[in-house]
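Enquirer: Structure incoming, see below.
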Amino acid sequence: MSDTASVTSTQAGGCVDFPVEWEVTGNSWVETSDDLHQYITAYKLDIAKGNLIFNWCLEIRNAENKCYHFIDRTNDDYELTCKQSGEHTLKYNSDAPQIKIVRVWV
């Protein structure tokens, strides 16, 4: 699936939603495509090894310092604010951890 954006208006500004199909990748980085690539260049999704609290670990490489929301297949929403470019980690619990929407606050 390509990372094609749809723009959503909000009271506090705006966000851009990217429908994605991010599956569990293990320890492998996956490059993003299309419009999402200007914000997040790659991701990996794996079991949160050695973590007693969280089941899943999402890592991203961001190109833009933004507030990102990741919505999984259970429609749970996880927030990650990036204040510098580089690799960032988000740990969470989910019965269906695959990410279906990446929301970027612009």
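Please treat every number below as a calculation from the coordinates, not as lab data. Worth saying up front: this structure is predicted, and the values here are computed from it rather than measured. Please note: Cβ atoms are built from the backbone with ideal geometry, for glycine as well, and neighbour counts cover all protein chains shown.
Enquirer: Taking 0.36 nm per intervening residue step and subtracting the Cα-Cα distance, what contour gain separates Asp34 from Asp77 on full extension?
Expert: Values: separation 43, 0.36 × 43 = 15.48 nm, distance 2.25 nm.
That pair, Asp34 and Asp77, stretches by 13.2 nm at full extension.
Enquirer: Treat every Asp and Glu Cβ in the stretch 6-105 as -1 and every Lys and Arg Cβ as +1, leave all other atoms uncharged, and give the resulting dipole magnitude about the Cα centre to the nearest 20 debye. Numbers along the way, then the final one.
Expert: Details: 9 positive and 15 negative charges, 55 e Å.
So the dipole magnitude of the stretch 6-105 works out to roughly 260 debye.
Enquirer: Next question, about the same structure. Would you work out which of Thr74, Trp56, Gln84 lies farthest towards the positive end of the dipole of the stretch 6-105? Charges go on Cβ: Lys and Arg +1, Asp and Glu -1.
Expert: Gln84
Enquirer: Tell me the net charge near Ala96. Cut-off is 10 Å between Cβ atoms, Ala96 excluded, with +1 for each Lys or Arg and -1 for each Asp or Glu. Please report the intermediate quantities before stating the final value.
Expert: Details: positive: Arg73, Lys100; negative: Asp72, Asp76, Asp95.
With Lys, Arg at +1 and Asp, Glu at -1, the neighbours total -1.
Enquirer: With r as the distance between the Cβ atoms of Lys91 and Glu23 and R0 = 22 Å, compute the FRET efficiency 1/(1 + (r/R0)^6) and round to 0.05.
Expert: The computed FRET efficiency comes out at 0.80.
Enquirer: Let me have the relative contact order for the chain, percent, based on Cα pairs under 8 Å that are six or more residues apart. Intermediate values should be presented prior to the final figure.
Expert: Numbers: 256 pairs, mean separation 30.5, N = 106.
Across the chain, relative contact order equals 29 percent.
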